[in-house]
Every structure is written in structure tokens, then in C-alpha cells.
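Following: one structure in C-alpha cells, then a few remarks.
What follows draws every value from the coordinates through simple rules; no lab data is involved. Computed from a predicted model, the values in this text were never measured in an experiment. Quick reminder, even Gly has a Cβ in these numbers, built from the backbone with ideal geometry, and neighbours come from all protein chains shown.
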Amino acid sequence: MAISVRGVTKRFGDFVALDEVSLAIPSGSLTVLLGPSGSGKSTLLRVIAGLELPDSGRVSIFDTDATDLPPQKRGVGFVFQHYASFKRMNVRDNVAFGMKIQKRPKNEIRARVDELLGLVQLQGLAERYPSQLSGGQRQRMALARALAVEPKVLLLDEPFGALDARVRKDLRTWLRRLHEDVQVTTVLVTHDQEEAMEVADRIAVVNHGRIEQYGKPRDLYEHPATEFVMTFVGPVTRFREAYIRPHDLDVGREPRGSYEEATVEKVVHLGFEVRVELTLAEGDRLEAQLTKREVEGLELLEGQRVFVSPRRLTRVDQNGSAPHVTSS
Amino acid sequence: MVADARSRIAGRARRDPGASSRWALRSTAFLYLGLFVLLPVAVILQRGYGSGLGNLEDALHSFGAWNAIRLTVVLAVVTAIVNGVFGTLLAYVLVRIPFPGREIVSAIVDLPFAIPSLVAGVMLVALYGPTSVVGGWFEDHGLKIIFAVPGILLALLFVTLPLVVRSVQPVLSELDREEEEAAHTLGAHGWTTFRKIVLPALRPAIVAGSLLVFARSLGEFGAIVFVAGNIPNQTLTAPVFITQLLSPGSYGQSGGPDQAAAVAGLLFGLAFIVVLLTEKLISGRLERTT
Amino acid sequence: MSEAHAQPLASGGPADRAASRGRGVRALLVGIALLYVLVLIVAPLGGIIFYGLRSGLGAITDTFSQQDVVHAFYLTFVIMLIAVAVTTVLGLAVAFVLARDRFRGKSFLSALVNLPLAVSPVVVGLMAILLFGRGGWFEPFFTAQGIRIVFALPSMILVTIFISIPFVIREIVPLLEELGTEEEQAAWTLGASRLQTFFRITLPNIRWGLFYGMALSAARSIGEVGAVLVVSGLLQGQTETATLYILRAFDQYQPERGYIVALMLAAFSILLLIGIEMFKRRGLKRAGE
């Protein structure tokens with residue numbers, strides 16, 4: 001195991017940020033800590049890095065107990081949401097910083113900086129200062145800087161959170177490819193579920209200081225362990241007391257079998273996908289997600305009477321955890 | 001239980017790599033300020049008031065004592081008010097009204113901060129002294145500036161002017177113009193807008209600056225000792241009076257350091273309370289002197 | 001005061017009159033402000049420049065070849081250098097504690113930092129006398145060692161330190177708060193020790209604020225007169241700083257010398273602060289801010 005977190009608790013005054021959290025992250029993987037604001041995901045990352053001290057529990061990095069080690073000695077690379085660029089140094093000196101601390105020979109530093117700048121596509125910008133770079137460029141520099149010291153694990157704290165949507169998407173793809181090239185065990189913190197699904201080998205869903213589920217993205221999506229995981233990872237709509245994914249709701253013009261009657265309230269075209277807002281007979285509101293072709297084939301219009309049937313329902317039981325999934 | 005606590009503390013320190021440097025910094029800071037600031041204040045209070053109010057009474061019975069204190073406080077108040085008004089005016093002019101030479105005027109306003117206070121006194125004597133062109137003219141018309149109260153006031157105004165301007169200027173330049181623009185659209189102009197919208201927003205800064213002026217004026221020595229003539233009951237201020245207590249004999253004081261300490265404690269206490277109030281007004285954060 | 005947003009619709013109309021009235025008011029305000037500054041600051045500055053330079057270049061060189069003048073300046077600068085050094089190094093420690101550390105009693109520490117600003121310089125001198133002078137708390141100890149504190153250089157240094165304490169701290173603390181700790185945390189993850197991080201990351205980032213605080217400290221130290229007057233013994237020629245020399249010069253009817261030395265002190269302080277301000281602007285431009 002690359003990173004092993006055991007029973008970590010962290011309090012800030014009365015607020016419990018992490019509650020007996022345990023996690024085992026395999027070597028070479030890209031794990032995403034996914035959760036809403038205040039869930040404790042950043043705190044967990046910082047505990048792994050040594051930037052926060054847990055009140056109890058242990059952290060091991062590649063089988064070495066790191067709990068009592070300062071961040072300097074853990075061999076972690078850290079990328080901050082707001083870049084933390086050394087603003088008094090140019091790009092080259094930023095990336096070279098860690099190596100200079102290690103007192104590596106000058107030509108080795110120079111060669112490696114050039115190599116890394118090529119890797120993150122910042123070649124030619126080595127003499128610029130961070131204030132002269134765009135957000136995306138600064139973050140790529142931060143990555144190069146973190147990778148320069150050959151960290152055992154790479155930790156990224158909402159690295160794309162401060163960037164524009166377009167840049168975010170591009171960097172997401174780019175990071176995934178970088179990980180495939182460099183193969184360093186990586187942990188990334190985000191609140192963006194789409195980002196998590198796209199980038200991760202595994203996702204740990206964090207909520208109120210606890211890990212609700214840790215597994216492959218597809219498993220989380222199709223077999224959520226708790227109500228929270230279901231609603232957070234992927235779109236949901238309520239079907240009476242159960243949850244359903246909007247694209248698992250069949251819509252038809254003819255009644256068939258267990259189909260129920262519903263009225264079309266609104267048809268919203270979102271490009272290829274179409275969101276159809278429906279009301280059941282009792283007045284419950286629903287959302288179905290269909291493709292453009294399906295909608296055209298059904299000739300759906302507002303006010304029409306249609307019939308709906310759920311393909312996969314997730315029923316939430318009494319205490320809101322361990323939902324049962326039933327398919328029809 | 002003690003062993004328990006001790007091992008907990010030891011364990012905590014072991015696991016907290018930053019703890020030792022934190023404790024080193026804290027001890028340094030407390031030692032430094034404790035020795036250099038707390039200790040001297042303590043000795044003033046102990047020597048001045050350690051045996052009750054006797055020292056203060058004796059000091060106040062000295063020739064010219066009461067008037068010195070009264071003069072100092074009155075002048076400090078007048079200075080605070082005058083520079084409160086003119087300082088605000090200057091800040092407003094510098095921030096809101098573009099005019100040629102604005103940068104130069106801004107630099108000139110900062111001048112009293114750079115110039116030693118004694119030199120300020122020298123400057124005023126040079127220009128307004130009885131032998132100079134300007135001062136001579138005033139003397140001939142019956143107005144004594146130097147070696148009289150007007151001179152002291154000038155010196156205090158000079159030395160404290162930047163305090164208000166620098167207090168108000170940043171607040172004014174960061175003020176959101178929207179409220180004023182809204183007032184304009186509702187028909188208010190000029191002075192009304194200023195009085196009802198701008199002034200209330202500036203009030204804390206103006207008051208804070210004026211309080212600093214007051215505190216500074218209470219203790220001013222260098223500019224005054226030169227300019228004032230130090231005539232008891234007429235132009236003697238409290239700080240100069242304290243020096244006289246330390247060299248007894250002149251003007252018939254009984255003097256002595258303990259009496260000086262009593263008066264000093266009074267002066268210092270007043271100024272310190274004012275500085276604390278000022279900190280409260282600017283939300284308790286340490287303010288840059290720039 | 002209204003900015004002239006729109007063009008007047010027609011000349012002579014009420015909007016036009018209001019606009020020109022607004023302009024007139026603003027001109028008046030500028031006039032009053034300038035007059036105040038002129039009378040209070042510019043004219044006296046002109047006065048001292050005039051009187052200082054009136055006796056010509058010869059008088060200036062003559063003054064600075066006097067032994068007591070040279071010694072006075074020497075003393076002033078030695079005291080200033082020591083005071084600035086001490087208050088800078090220790091002030092940095094205090095600034096870090098105030099900006100970064102969290103504990104009860106921090107506002108007490110903050111009050112201690114501001115306290116010297118409230119104390120009259122004369123009172124500062126008195127404090128030194130009460131501590132080290134005859135009958136003072138520490139006097140027996142130092143007399144036994146044969147060390148003279150008051151009426152000698154050590155007390156002059158100590159009082160100058162006292163009055164210089166706030167400047168560096170008050171410049172650095174807001175700066176540290178603004179800067180935050182992220183760059184430092186990044187440096188730690190890259191393997192830099194706390195000390196290395198301080199010298200390579202923190203110090204360069206606070207450089208200009210630090211220099212400005214030191215310059216304010218220096219200007220204040222050079223200009224100190226009340227406190228050194230009290231502790232120097234009032235009569236000594238050996239413990240005479242430049243400011244004390246000025247007092248004596250006028251006392252002994254040598255006003256030209258007094259004006260010249262006063263002018264030099266003023267010029268030095270002003271140049272110091274201008275220099276720092278200029279460096280600050282250039283430094284900001286280089287980092288591209």
C-alpha cells in the first residue's frame with residue numbers, strides 16, 4: 001500500500017473534521033477524495049502531507065510510519081488550489097527549488113528543469129515570473145515543481161478549482177495522461193463529481209469527516225453504499241421513496257406492464273441530451289433523461305400523457321444507509 | 001495522573017515538529033517586550049505611585065505644575081481638532097481632486113514623519129522667530145509666535161499632521177462610490193452628500209487619527225522645547241516640566257525622580273488609554289504606519 | 001462632491017451653474033489645503049534651508065570639521081545602527097508571533113508593541129533613570145560591576161531601542177497576514193527546513209516592508225532628543241548626539257552651526273525615506289505586481 005491511513009481523527013475546536021478515518025491507497029493509482037465543502041477531504045489530504053497534525057491515528061507512506069514526520073521528510077509532492085507559486089522567483093527557480101534544497105549539482109538541476117518544463121508544456125517560459133503566467137500555466141508549473149523532487153506520492157488539493165471551466169476540463173484530461181506517463185501514486189481532492197469520474201482509478205467519497213465508500217468510479221455509480229454516495233455521485237431523481245438515475249427511467253407513449261401514468265411538464269433540450277420534467281398522478285415531480293433521438297421518436301410535447309417505468313430503483317431504507325438496489 | 005499528563009505533553013511535542021520553533025519565537029517575543037516595555041512601565045508606576053498619591057501631590061504643588069498639565073492637555077485637544085479637520089480636508093483633496101503637483105503635496109504631507117521633531121522646532125523658529133522677516137512682522141503687530149502659545153500650537157500641528165491624513169486617506173480611497181452616486185441621482189449634491197454619506201464612513205478613521213494626534217501631542221518634547229521658551233505658567237508644557245523636576249533647583253522645584261515618575265505616569269496613562277481606544281476603532285488590527 | 005459626469009445641456013442653465021459652482025468649491029478646497037500645507041510645512045522648510053545655507057558653503061565645511069560635530073554625528077549613527085539592528089531582529093520574532101501564532105494574551109503583546117508610541121520621550125528617559133540611575137532597581141548590580149549605564153552610551157542606546165520598537169513590527173505584521181502561509185507550506189513539502197524557508201521564501205517576500213520599517217526606525221532614532229537629553233546628563237560633551245548638539249549650539253549663541261546641523265539631519269532622514277520608497281517601487285515592478 002502506498003498510503004495507509006488508520007483511525008485518523010482531527011478536530012478544530014468543537015468541529016470534527018475527520019472522524020476515525022481509515023483508508024488504504026494502492027501504489028501507482030490515482031485516487032480522488034470526493035466530497036462537498038467542509039467534508040474533511042482537504043483536511044485528510046493535508047494530514048497525509050503532514051501539513052496538519054491528527055489528534056489520533058497513524059499515517060504510513062510506503063510502509064514507513066510518517067505520523068511523526070514533518071512534511072519535509074515525508075517525500076510528498078503537494079499542489080495547492082491557489083498555486084502557492086514563489087512569486088519572487090521565475091519559473092525555472094520555482095521548479096528547481098526542491099533540488100536546490102537537496103544541493104544537487106547545477107547541471108543536473110538545469111537538465112531536469114528543462115525536462116519537466118517540456119513535460120508540462122511550459123518550455124520557453126522558464127524566465128517568466130508567476131505573475132506573468134495564466135492560472136493554468138501556474139498550476140502546471142506547480143506540478144512540475146512538485147514532481148522535480150521525485151516524490152513518493154503526489155497530492156493535489158482542488159488543483160483546478162481556481163480555473164475557468166474550459167481550462168479545468170483541458171487540465172483534467174492532461175493530468176490523466178500525465179499520470180499514465182509518470183505513474184506516481186496520486187491523490188486528488190475535488191468537489192466536482194464529474195472531474196472525479198473522469199480522472200480517477202478509485203474514488204473515496206468523503207462526507208462529514210467520514211469515508212462513505214471507496215472504490216472504482218463505476219462501482220460507486222452503480223452500487224452506491226449509502227444514500228449520500230448515490231445522490232452525490234451522479235444525477236438522481238426521486239421516485240416516491242426511492243432514488244433513480246434519470247436515464248434509468250423509461251418513458252413511453254403506450255402503457256405497458258408496471259408503467260405508471262405521468263404528465264410531461266417541460267422538455268428541456270441540452271444538446272444531445274434532453275431533460276424531460278414529469279409529474280406523476282399524485283403530483284410527485286420527476287426528471288427523466290433521454291436522448292434527442294428518443295424524444296423525437298416519441299414526439300414528446302408539453303402537457304402530454306405518457307407512461308414511465310423505472311429500470312433500476314435504489315430504495316433507501318430506514319436509517320438512510322445501505323440502500324437496496326432493485327431492478328425491474 | 002501527573003505522569004499521564006507529562007507523557008501526553010511529551011508525546012504531543014514529539015509529534016509536533018513545529019512546536020520547538022514556536023516556543024522559541026514566543027519566548028523571544030515575550031522576553032524582548034517584557035524587558036524593554038513592561039519593565040520600564042512598571043518602574044514608572046512603582047516609583048511614582050508605589051507609596052500612594054503622595055508623589056503626585058508634591059509634584060502638583062510645584063511651581064507651574066498645574067498650568068503645565070492644563071496647557072498640555074488643552075493644546076493636545078486643540079491640535080487634535082484642528083488637524084482632524086485639516087487632515088481630513090487634505091486627505092479628501094489628495095484622493096478626490098486631481099490637481100497639478102498632487103504627488104508633491106502628498107510627499108510634503110509625509111515630511112513631518114521624516115524630520116526629527118527638534119529640527120521641526122528649529123524650522124519654525126527660523127521662519128517665525130522674532131528676528132526673522134515673518135516673525136518680526138507679527139511681533140511688531142503684537143502677536144508673539146515663538147516663545148508663546150501660538151508657536152507651540154504650530155509645532156504640534158506640524159508634527160502631527162500626517163497622522164490624520166494617513167489614517168483617512170486609505171479609507172477614503174477604498175470607499176465605494178456607489179452610495180454617493182445613488183445620492184446624486186436622488187438629488188443630493190456636494191456638501192449634503194459629503195455630510196451624510198462620506199463623513200459617516202470616514203468617521204472611525206478621522207477619530208482614530210485625531211486620537212493619535214492627541215496622544216502624540218501630550219508627549220511631544222523635541223519640537224516644543226525649542227520653540228516654547230518654557231516659561232512656567234505660560235508656555236511650559238508637561239513633558240518639559242518633567243525634565244525640570246529631574247534637575248531640581250531651577251524655578252524653585254523640589255523635584256526628584258519620584259515626583260517626575262508620578263506626573264509621567266499620569267501623562268502616559270492618559271496617552272495609553274487613547275492609543276488603546278484607537279486600536280479598537282481600527283478593528284483592533286495592528287496598522288501600518290505607511 | 002459631484003464629478004462632472006455629463007456635459008452641461010446648455011450654457012447658463014441650472015445644471016451648468018451647479019457644475020461651475022462645484023468646480024469653484026473644489027478649487028477653493030484645494031486652495032485652503034495648499035495654503036495650510038504652505039504655512040505649516042513648506043515655509044518653515046524653506047526657512048531652514050535658507051538659514052542653513054545662508055552662511056555659504058564655507059560655513060558648512062567649517063562646521064563639519066569641528067570635532068564635537070563629527071563626534072555628535074558619529075554617536076548618533078552608532079546609536080541608530082544598534083537600535084535598528086536590535087529592533088529589526090527581535091521585531092521580526094514578535095511580528096511572527098503576532099501574525100502567525102495563536103494563543104491567549106496575543107492582544108496584550110500587541111498592546112505592548114504600541115505602547116512606546118504613547119510614551120513621551122522624556123518619560124522614556126525617566127524610565128531609564130529609574131531603572132539604572134541612583135536608587136534605581138538595577139543600579140546596585142551595575143555599579144558593582146563598574147559599568148555606567150545612565151549618563152553614558154548604554155542608556156542612550158536603550159532608550160533609542162525603546163522608542164524604535166513599534167516600527168518594524170507594525171510594518172511586517174499586516175504584510176505577513178496578507179501573504180499567508182501557502183508559499184511556506186509549499187517550500188516545506190519540497191524539503192526546505194523552517195529556517196531555509198524563512199530565508200529563501202518569507203524574507204524576500206517581506207523585504208520591502210521590512211526595509212521601510214527599518215528606515216522609519218532609523219529616522220526616528222536619528223531624531224530622538226527628549227529621551228537622550230534626560231539620560232545623557234544634560235551637561236556632558238561626551239554623550240552628545242547630533243540633536244543634543246543642536247540644542248547646545250543655539251544655547252551657546254551659535255545659531256548658524258545649529259541650523260546647518262539641523263538641515264543635515266533633516267536631509268538625511270528625508271533621503272533615507274525617499275530612497276526606500278524608490279526601491280520599493282522598483283522592487284514591485286520587478287516581481288510584476
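Take each complete run of DSSP H in chain C, measure how far its Cα atoms stretch along the helix's own axis, and keep only those covering 15 Å or more with mean Kyte-Doolittle hydropathy at least 0.0; list them. Present the calculation step by step, with values, prior to reporting the outcome.
Numbers: long enough: C:14-37 (34 Å, 0.62); C:43-54 (16 Å, 1.05); C:67-100 (49 Å, 1.89); C:106-118 (19 Å, 1.17); C:121-132 (17 Å, 2.75); C:153-179 (39 Å, 1.63); C:203-223 (29 Å, 0.54); C:255-286 (46 Å, 0.69).
Flagged H segments are C:14-37, C:43-54, C:67-100, C:106-118, C:121-132, C:153-179, C:203-223, C:255-286.
Starting with the fewest neighbours, write out B:Trp137, C:Trp208 ranked by other beta-carbon atoms found within 10 Å of each beta-carbon.
Details: B:Trp137 11, C:Trp208 20.
The most exposed by this proxy come first: B:Trp137, C:Trp208.
5 Å is the cut-off here: which amide hydrogens, built 1.01 Å from N in the peptide plane, fall below it relative to A:Ile211, excluding neighbours closer than 5 in sequence?
A:Ser22
Tell me the mean residue ellipticity at 222 nm calculated for the protein assembly as shown from its helices only (DSSP H runs of n ≥ 4, each -39500 (n - 2.57), averaged over every residue, nearest 500).
Numbers: 38 runs with 523 residues, N = 907.
It lands at -18500 deg cm²/dmol.
Quick check: from the Cα gyration tensor, does the range B:28-115 come out rounded (a/c under 1.5), prolate or oblate?
oblate
Kindly flag which residue pairs out of A:Lys10/C:Lys106; A:Lys73/C:Lys280; B:Lys280/C:Lys280 have an alpha-carbon separation exceeding 32 Å in this structure. Each step should come with its number before you reach the end.
Details: A:Lys10/C:Lys106 25 Å; A:Lys73/C:Lys280 36 Å; B:Lys280/C:Lys280 30 Å.
Those over the limit are A:Lys73/C:Lys280.
Hey, which lysines would be in cross-link range of A:Lys292, C-alpha to C-alpha under 20 Å, not counting anything within fewer than 8 residues on its own chain?
Within reach: A:Lys266.
Within 10 Å of each residue's Cβ, count the other Cβ atoms and sort B:Leu60, A:Leu178 from fewest upward. Don't skip to the end; give the middle numbers.
On the way: B:Leu60 16, A:Leu178 20.
Placing the least packed residue first, the sequence is B:Leu60, A:Leu178.
Per-residue Cβ counts within 10 Å, from other chains only, averaged over C:51-58: what number is that? Can you show the working numbers first?
On the way: counts 7, 3, 0, 1, 0, 0, 0, 0.
Per residue, the number of nearby Cβ atoms from other chains is 1 on average.
Order of B:Ser106, A:Ser258 from fewest to most other C-beta atoms within 10 Å? Mind dumping the intermediate values first?
Details: B:Ser106 15, A:Ser258 10.
Neighbour counts put them in this order, fewest first: A:Ser258, B:Ser106.
If you build a Gaussian network model of chain B, linking Cα atoms that sit under 10 Å apart, which residue out of B:Gly222, B:Gly52, B:Gly135 swings the most?
Taking springs between Cα atoms under 10 Å, the residue moving most is B:Gly52.
Eigenvalues of the Cα gyration tensor times 5, then square-rooted: what semi-axes does that give for chain A, in whole angstrom, largest first? Before the final figure, lay out each step's value.
Numbers: eigenvalues 401, 122, 42 Å².
For chain A, the ellipsoid semi-axes come out as 45, 25, 15 Å.
Work out the mean other chain Cβ neighbour count within 10 Å for the residues of B:267-273 and drop it here as an integer. Present the calculation step by step, with values, prior to reporting the outcome.
Details: counts 5, 8, 1, 1, 6, 6, 1.
The shielding value for this peptide is 4.
So what is the diffusion coefficient of the range B:36-185 in µm² per second by Stokes-Einstein at 4 °C and 1.567 mPa s, using a Kirkwood Rh over Cα pairs? Can you show the working numbers first?
Numbers: Rh = 19.1 Å.
Translational D for this selection: 68 µm²/s.
Determine which aspartates and glutamates satisfy two conditions relative to A:Lys103: a Cα distance under 15 Å, and not lying fewer than 8 residues away in the same chain.
A:Asp93, A:Glu150
Mind running the shape call on the range C:14-54? Use the C-alpha gyration tensor, a ≥ b ≥ c as the square roots of the eigenvalues: rounded below 1.5 for a/c, prolate if a/b tops b/c, oblate otherwise.
Details: a/c = 9.92, a/b = 5.50, b/c = 1.80.
Since a/c reaches 1.5 and a/b is larger than b/c, the shape of the range C:14-54 is classed as prolate.
What list of ³J(HN,Hα) couplings, whole Hz, do you get for the range B:83-99 from phi and the Karplus terms 6.51, -1.76, 1.60, once you set θ to phi - 60° and write x for glycine and proline?
Once θ is set to phi - 60°, the couplings for the range B:83-99 become 6, x, 5, 5, x, 5, 4, 4, 4, 4, 4, 6, 8, 9, 10, x, 8 Hz.
Dividing the convex hull volume of the alpha carbon atoms of the protein assembly as shown by its residue count, what do you get in Å³ per residue?
Values: hull volume 244.2 nm³, N = 907.
Output value, Cα hull per residue: 269 Å³.
Identify the trypsin sites (Lys or Arg not before Pro) of the range C:144-228 meeting these criteria: DSSP loop state and at most 16 other C-beta atoms within 10 Å of the C-beta.
On the way: sites: C:Arg148, C:Arg170, C:Arg194, C:Arg200, C:Arg207, C:Arg220; in loops: C:Arg148.
Passing both the DSSP loop test and the Cβ count: C:Arg148.
Work out the mean other chain Cβ neighbour count within 10 Å for the residues of C:250-256 and drop it here as an integer. Walk me through the intermediate numbers first.
Values: counts 4, 0, 0, 0, 0, 5, 0.
So the per-residue partner count for this stretch is 1.
For A:Lys169, go through the lysines and keep the ones whose alpha-carbon is under 24 Å away, minus same-chain ones fewer than eight residues off.
Within the straight-line cut-off, A:Lys169 pairs with A:Lys41, A:Lys216.
Using DSSP, restrict attention to beta bridges with both residues in chain A and report what percent are antiparallel, rounded to the nearest 5. Display every interim value, and only then the final one.
Details: 53 of 71 bridges.
Bridges in chain A that DSSP calls antiparallel: roughly 75 percent.
Which distance in Å, rounded to a whole number, links the C-alpha centroids of the range C:68-103 and the range A:251-302?
Here the two parts' Cα centres lie 77 Å apart.
Find me the longest stretch of chain A that has none of the exposed GluC sites (Glu not before Pro), where exposed means in a DSSP loop (not H, G, I, E or B) with at most 14 other Cβ atoms within 10 Å. The partial results should precede the final answer.
Working: sites that count: A:Glu127, A:Glu241, A:Glu282, A:Glu299, A:Glu302.
Formally, the longest exposed-site-free interval is A:1-126.
Compute the longest continuous run of chain A that contains no exposed trypsin sites (Lys or Arg not before Pro); treat a site as exposed when its DSSP state is not H, G, I, E or B and it has at most 11 other Cβ atoms within 10 Å. Before the final figure, lay out each step's value.
Details: sites that count: A:Lys103, A:Arg256.
It works out to A:104-255.
Most mobile of C:Tyr212, C:Tyr245, C:Tyr253 per a Gaussian network model of chain C (Cα springs, under 10 Å)?
C:Tyr253
Starting at the first residue of the range A:122-131, write each ³J(HN,Hα) from the Karplus equation 6.51 cos²θ - 1.76 cosθ + 1.60 with θ = phi - 60°, in whole Hz, x for Gly and Pro.
Here the 3J(HN,Hα) series is 10, 4, x, 10, 4, 8, 6, 9, x, 5 Hz.
What is chain C by shape, rounded, prolate or oblate, if you read a ≥ b ≥ c off the alpha carbon gyration tensor as root eigenvalues and call it rounded for a/c under 1.5, prolate for a/b larger than b/c, and oblate otherwise? Provide the component values of the computation, followed by the final result.
Working: a/c = 2.12, a/b = 1.19, b/c = 1.78.
Note, shape of chain C comes out oblate.
Over the residues of chain B, compute the C-alpha Rg and express it relative to 2.2 N^0.38 Å. Mind showing how you got there, number by number?
Working: Rg = 24.5 Å, N = 290, 2.2 N^0.38 = 19.0 Å.
Here the Cα radius of gyration is 1.29 times the empirical estimate.
If one puts a single equal scatterer on every Cα of the range A:1-109 and applies the Debye formula without solvent, what log₁₀ I(q)/I(0) results at q = 0.17, 0.21 Å⁻¹?
Relative scattering, expressed as log10 I(q)/I(0), comes to -0.91, -1.17.
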